[in-house]
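Accompanying notes for the structure given below.
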Ligand code: 6GU
């Protein structure tokens, strides 16, 4: 039995080697930029840039707000690789394909992955513009069979049944909170549970109420599949959601979720988010 989009260890190694032949940068930190948050990649110095369409086996970004470039370089002196634009299931790609970059990160030598996304707020205490440190996720598609690890397991990446109760690294979450306090960001820093849904339609009122009741503080269309694959192959994970809008939970509300609002809020907070992440990068220790 073979999945349609199955990438073997050798396929991933082929792409990683292809990239490493063209750049001297050996990243230990991998960053994935969410909707409207691609500015982080522009902070890298001595860039070597690949368009996704030129990278073997890579999907292409089809969403406005996602540039579609893999950027190597240094962030405050630390070697990094940055995905400027990510892939989503709603674009029609298989979850194997949207998570392939995580395995390539691993084979490039990445030890820590930092992911950002735009999300709708469900927690009543959250305001638009808040930044939520993700402490856990609810992977709705994954719980009914759309888990990125479905298919034969290659032990060179990780075990058949990986643990996910420690997916979001506690030390990195503490580090982020400390830095947020130093930068004076504590008023808009939150921590919570991220729920991923398939998209691309935004949630109905009943769906928003449902996931809120299930324990989610924010809802979005990405990140959890990448986190699962990153954890499977032993990388540390840190993830942030920018709350770009409040999910509609009330039948009297006149508010409507839309992608323009999502991108607009990103612009507003992007600089602070970039400073937070770049400061984290300088303080992450690797062995
Ligand atoms: Cl309200 N829902 C989902 N699923 N994704 C989002 C969002 C909402 N806002 C930004 N991304």
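Here, each number is a calculation from the coordinates, and none is a lab measurement. Since the structure is predicted, the reported quantities are computational estimates derived from the model, not experimental observations. Glycine gets a Cβ as well: all are built from the backbone with ideal geometry, and neighbour counts include every protein chain shown.
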Checklist entry - Mind listing P(r) for the stretch 27-118? All alpha-carbon pairs, 5 Å bins, whole percents. => result 3, 15, 27, 29, 18, 6, 2, 0
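Multiplying the sequence separation of residue 201 and residue 53 by 0.36 nm and subtracting their Cα-Cα distance, what value in nm do you get? Numbers along the way, then the final one.
Working: separation 148, 0.36 × 148 = 53.28 nm, distance 2.62 nm.
Stretched fully, the residue 201-residue 53 segment lengthens by 50.7 nm.
So for the chain, Kirkwood radius off the Cα pairs, Stokes-Einstein at 20 °C and 1.002 mPa s: how many µm² s⁻¹?
Once the numbers are plugged in, D ends up at 113 µm²/s.
Quick one: length gained pulling residue 21 to residue 210 fully straight, 0.36 nm per residue minus the C-alpha distance?
Working: separation 189, 0.36 × 189 = 68.04 nm, distance 4.83 nm.
Gain on extension, residue 21 to residue 210, equals 63.2 nm.
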Checklist entry - Using a basic spin-label model with each label point 7 Å from the Cα along Cα→Cβ, how many nm lie between residue 283 and residue 46? => result 2.5 nm
Checklist entry - In a Debye calculation with equal point scatterers on the alpha-carbon sites of the stretch 172-287 and no solvent, what is log10 I(q)/I(0) at q = 0.19, 0.20 Å⁻¹? => result -1.20, -1.28
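Go ahead and estimate [θ] at 222 nm for the chain from helices alone: -39,500 (n - 2.57) per DSSP H run with n ≥ 4, summed, over the residue count, rounded to 500. Kindly include the intermediate steps, with their values, before the conclusion.
On the way: 8 runs with 90 residues, N = 287.
My calculation for the chain gives -9500 deg cm²/dmol from helical runs alone.
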Checklist entry - Can you give the convex hull volume of the alpha carbon atoms of the stretch 208-271 per residue, in Å³? => result 110 Å³
Item to check | Calculated Rg and Dmax of the stretch 78-233 using C-alpha coordinates, Å | outcome: 15.9, 47
Checklist entry - Points 7 angstrom from Cα along the Cβ direction at residue 4 and residue 263: gap in nanometres? => result 2.9 nm
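Please find the FRET efficiency linking residue 64 to residue 143, where r is the Cβ-Cβ separation and R0 is fixed at 45 Å, and quote it to the nearest 0.05. Mind dumping the intermediate values first?
Details: r = 29 Å, r/R0 = 0.65.
Given R0 = 45 Å and the Cβ-Cβ separation, E is 0.95.
Can you tell me the order of 215-228, 164-177, 18-31 when each peptide is scored by its average per-residue count of other Cβ atoms within 10 angstrom, highest first?
Values: 215-228: 25.1, 164-177: 15.5, 18-31: 17.8.
The packing order, highest mean first, is 215-228, 18-31, 164-177.
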Item to check | Computed label-point distance, nm, for sites residue 154 and residue 28 using a 7 Å Cα→Cβ extension | outcome: 2.6 nm
